[in-house]
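Enquirer: Please find one structure pasted underneath; my questions will follow.
The values are calculated or read from the model by the stated rules, or taken from the named source; none is laboratory data. Since we're looking at a predicted model, the values are computed, not measured. We place every Cβ from the backbone using ideal geometry, glycine too, and count neighbours over all the protein chains shown.
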Amino acid sequence: MDWVETASILKDVLVGILIILSMALTTIGALAWRRKRATRLLWVTIAFALFLVKGVSLALGLYVLGMISVPRGFAGTFDLMLILDVLILVILYLALFRRTG
């Protein structure tokens with residue numbers, strides 16, 4: 001298996017993680033906002049929802065509509081961008097929803 005095939009598999013996994021994680025965080029954020037009615041929770045929930053829209057749009061473009069194709073030389077960079085998206089979601093979650101001791 002060459003690096004392009006590995007990058008393609010990693011892309012598939014990362015798109016799935018992005019969608020599932022952003023969906024879960026959007027739900028958690030919406031529930032927290034409903035309970036607390038804090039403006040910052042609303043804004044962060046909107047940000048999580050935008051990541052969800054991005055992930056679903058990306059998946060539709062890559063797998064259903066075939067409108068997006070990742071050029072061979074860009075595969076590693078594309079995966080890096082998806083990894084950064086997932087890390088941003090995790091950091092936002094930790095910054096806002098983690099209970100402090």
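Enquirer: Against the definition (within 15 Å of the chain's Cα centre (by Cα) and among the aliphatic types (A, V, I, L, M)), how does VAL4 come out, yes or no?
Expert: On the way: within 15 Å of the chain's Cα centre (by Cα): no; among the aliphatic types (A, V, I, L, M): yes.
Taking the combined requirement at face value, the residue does not satisfy it.
Enquirer: What do you reckon, is ILE91 touching a Gly at 6+ places or on another chain (Cβ under 7 Å), within 30 Å of TRP3 (Cβ to Cβ) and modelled with pLDDT under 95?
Expert: On the way: touching a Gly at 6+ places or on another chain (Cβ under 7 Å): no; within 30 Å of TRP3 (Cβ to Cβ): yes; modelled with pLDDT under 95: yes.
No, not satisfied.
Enquirer: Let me ask something else. Test LEU87 against the stated conditions and say whether it is buried (at least 16 other Cβ atoms within 10 Å of the Cβ), closer than 26 Å to ALA30 by Cβ and among the hydrophobic types (A, V, I, L, M, F, W, C).
Expert: Working: buried (at least 16 other Cβ atoms within 10 Å of the Cβ): no; closer than 26 Å to ALA30 by Cβ: yes; among the hydrophobic types (A, V, I, L, M, F, W, C): yes.
The answer is no for LEU87.
Enquirer: Within the range 57-76, can you find the residues that are of a type in the set (Val, Ile, Thr) and surrounded by 12 or more Cβ atoms within 10 Å (Cβ to Cβ)? Let's see the steps before the verdict.
Expert: We begin by selecting, within the range 57-76, every residue of a type in the set (Val, Ile, Thr); these are 64, 68, 70.
Once the filter is applied, which keeps residues that are of a type in the set (Val, Ile, Thr) and surrounded by 12 or more Cβ atoms within 10 Å (Cβ to Cβ), the range 57-76 yields ILE68, VAL70.
Enquirer: Checking THR26 against (1) at pLDDT below 95; (2) surrounded by 12 or more Cβ atoms within 10 Å (Cβ to Cβ), which single condition isn't satisfied?
Expert: Only one criterion is unmet by THR26, namely (1).
Enquirer: With respect to the numbered conditions (1) of a type outside the set (D, E, K, R); (2) over 13 Å from LEU96 (Cβ atoms); (3) part of a helix (DSSP H, G or I), which one is the sole condition not fulfilled by MET67?
Expert: (3)
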